Amino acid sequence: QVQLVESGGGLVQPGGSLRLSCAASGSIFSRNAMGWYRQAPGKERELVARITSSYLTIYSVSVKGRFTISRNNAKNTVYLEMNSLKLEYTAVYYCTLGNGDDYWGQGTQVTVSS
């Protein structure tokens, strides 16, 4: 049974930073891609960033240069470092595991507000 548990969300002012973490159980972590998605109120869920098992990364245009995705296979954990946060980044952030986003975490709320 694979489980993903996100942490690190919270309230931050515009221009601030947060670091999200997602810890995965199970033994398939290192062989699979990991991703971060977000869903803002009234909007569709969208891909934020993705990292493959070979550490290739992709980012949405809206966060490129502000967010960094990384992974630590020894800890079965993926991270999302978020800098220069904007009001419109307020959303529930979800991590995923699997080349087809087969597993999803429960989400962590990020609120950017002054």
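Structure values in brief
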item	result
Evaluated at q = 0.16, 0.18, 0.21 Å⁻¹: base-10 log I(q)/I(0), Debye formula over Cα of the stretch 65-114	-0.57, -0.70, -0.90
Cα pair count fraction exceeding 15 Å, expressed as % - the stretch 42-96	49 percent
Whole-Å distance, taken between Cα centres, linking the stretch 1-19 and the stretch 39-103	10 Å
Surface per residue (accessible, 1.4 Å probe) for the chain, Å²	52 Å²
Size of charge dipole - the chain - debye, nearest 20, with Cβ of Lys, Arg +1 and Asp, Glu -1, no other charges	220 debye
Equivalent ellipsoid, the stretch 1-111 (semi-axes from 5 times Cα gyration tensor eigenvalues, Å)	22, 14, 13
Dipole axis of the stretch 3-82 (+1 Lys, Arg; -1 Asp, Glu on Cβ), positive-most option in P41, N72, Y55	Y55
Spin-label pair E88/R31, simplified geometry with 7 Å Cα→Cβ offset, distance in nm	4.0 nm
Kirkwood hydrodynamic radius over Cα pairs of the stretch 1-52, then Stokes diffusion coefficient at 20 °C and 1.002 mPa s, in µm²/s	163 µm²/s
Total formal charge among the other residues, if their Cβ is under 11 angstrom from that of T52, Lys/Arg +1 and Asp/Glu -1	+3
Percent carbon-and-sulfur accessible area, the chain, ignoring ligands, DNA and RNA, probe 1.4 Å	48 percent
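The values are calculated or read from the model by the stated rules, or taken from the named source; none is laboratory data. Model, not experiment: these values are computed from the prediction. Please note: Cβ atoms are built from the backbone with ideal geometry, for glycine as well, and neighbour counts cover all protein chains shown. Ligands, DNA and RNA are excluded from the accessible area calculation, which covers all protein heavy atoms including side chains. Shrake-Rupley method; radii C 1.70, N 1.55, O 1.52, S 1.80 Å.
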